[in-house]
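Have a look at the structure below before the remarks.
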Amino acid sequence: MNAVTTSYRSVFRPGLFEGRVAVVTGGGSGIGRCTAHELAALGARVVLVGRNPDKLHTVAGEIAQDGGKAEGRVCDIRDEAAVAALVAEVLAAHGRIDALVNNAGGQYIAPLETISSKGWKAVLDTNLTGGFLVARECYRQHMQSHGGAIVNIVADMWGSMPGMGHSGAARAGMVSLTETAALEWARSGVRVNAVAPGYIASSGMDHYPPEAGPMLREMARTVPAGRFGNEAEVSAAIVFLLSPAASFISGSVLRVDGARPQVRMGWGEFVASPEVQARQAVRPFDGFPRYEIPKVFRS
């Protein structure tokens with residue numbers, strides 16, 4: 001990767017999270033990596049959580065190079081004891097956890113009839129159970145007494161997720177969990193919301209099989225905004241929900257999808273033309289200098 005000399009171009013004020021500690025699961029790549037960079041640029045000390053130590057080390061190094069504070073901690077969020085130990089370690093090191101971004105997740109393309117029980121459980125454990133365990137431990141060990149903010153990352157599963165039914169079920173479950181936690185934990189001063197990314201050109205697409213390329217490249221034609229979103233556009237939504245500006249928002253899902261769920265059969269005339277896409281109100285927000293377009297979209 002070429003050296004980067006420009007800092008994150010966040011729309012939020014400098015120092016917004018100064019003195020705060022934010023945990024970002026799945027922080028080694030994609031939306032998690034981008035969000036970690038933005039939070040660190042705004043003054044937070046970021047704890048990157050994931051299973052791949054090399055990825056965590058790389059992102060922590062990037063953030064340090066850009067002037068921020070971050071560290072990586074290896075944890076399989078599906079392991080209940082490991083999650084409890086992780087949260088205890090973060091609190092022992094820093095004394096607080098002010099924000100949690102439950103971003104870790106993963107899925108694979110498969111029709112329902114081909115998904116095994118093992119495959120189904122693996123996706124639900126990663127996308128739903130793991131997020132629950134991390135949120136529960138942050139609440140039990142710190143936020144119950146000190147308050148905080150949690151953002152769960154879900155997906156555009158409104159109207160189903162054909163080809164990824166296991167992920168759709170998990171994400172729908174996380175929406176319900178978000179609403180329940182927002183209600184139960186409000187008495188402790190904890191806000192819980194979710195962000196639902198639509199079609200986002202993120203590094204996770206690089207893990208899809210080559211035969212998925214043509215489908216992915218055609219998907220933008222079904223988005224009224226006429227394009228894919230990028231990681232910085234999702235990160236901005238997450239940061240907003242963690243910020244004081246969202247102090248009366250809890251139990252909500254903020255969609256970042258260019259109105260994709262509103263598309264119905266035969267409504268293609270509503271998709272924005274390239275000329276419309278160039279207008280200020282809808283053109284892409286380019287906040288993350290280290291962002292790289294997924295390989296499937298490179299000519």
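Figures for the structure shown
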{"read-out": "When the convex hull of its Cα atoms is projected in every direction, mean area for the range 1-93 (nm²)", "value": "6.0 nm²"}
{"read-out": "Most positive-pole-ward Cα, Leu112, Val23, Val49, against dipole of the range 1-160 from beta carbon charges", "value": "Val23"}
{"read-out": "Simple Cβ-charge dipole of the chain, Lys/Arg +1 and Asp/Glu -1, about Cα centre, in debye nearest 20", "value": "300 debye"}
{"read-out": "Hz values of 3J(HN,Hα) by residue in the range 198-206 - Karplus curve (6.51, -1.76, 1.60), Gly and Pro given as x", "value": "x, 7, 10, 7, 10, 4, x, 5, 5"}
{"read-out": "Those lysines that a straight Cα-Cα span of less than 19 Å connects to Lys295, excepting residues fewer than 8 apart in one chain", "value": "Lys55"}
{"read-out": "Taking the chain and dividing mean pair separation by its residue count, relative contact order in percent (alpha carbons under 8 Å, at least six apart)", "value": "18 percent"}
{"read-out": "Cα-based Rg / Dmax (Å) for the range 206-263", "value": "14.8, 45"}
{"read-out": "Amide H within-cut-off set for Ile200, under 5 Å, with H built and near neighbours excluded", "value": "Gly229"}
{"read-out": "Positive dipole terminus of the chain, leading residue within Ala149, Ala135, Ser202 (C-beta point charges)", "value": "Ala149"}
{"read-out": "Inter-label distance, nm, simple model (7 Å from Cα along the C-beta direction), Glu292/Gln141", "value": "3.3 nm"}
{"read-out": "For Val282, residues with placed amide H under 5 Å, excluding near neighbours", "value": "none"}
{"read-out": "Sparsely packed GluC sites (Glu not before Pro) within the range 1-101, loop by DSSP, other Cβ within 10 Å at most 13", "value": "Glu18"}
{"read-out": "Dipole moment magnitude, nearest 20 debye, the range 93-159 about Cα centre, only Lys, Arg, Asp, Glu C-beta charged", "value": "220 debye"}
{"read-out": "Quotient of C-alpha Rg and 2.2 N^0.38 Å, computed over the chain", "value": "0.97"}
{"read-out": "Charged-residue dipole, Cβ positions (Lys, Arg, Asp, Glu), the range 193-299 about Cα centre, Debye nearest 20", "value": "120 debye"}
{"read-out": "Longest to shortest principal axis, alpha-carbon extents of the range 122-236, angstrom", "value": "50, 29, 24"}
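Every number here is computed from the coordinates shown, using simple stated rules; none is lab data. Everything numeric here is computed off the predicted structure, so don't read it as measured data. A quick note on method: Cβ atoms are made from the backbone with ideal geometry, for glycine too, and the neighbour counts reach across all protein chains shown.
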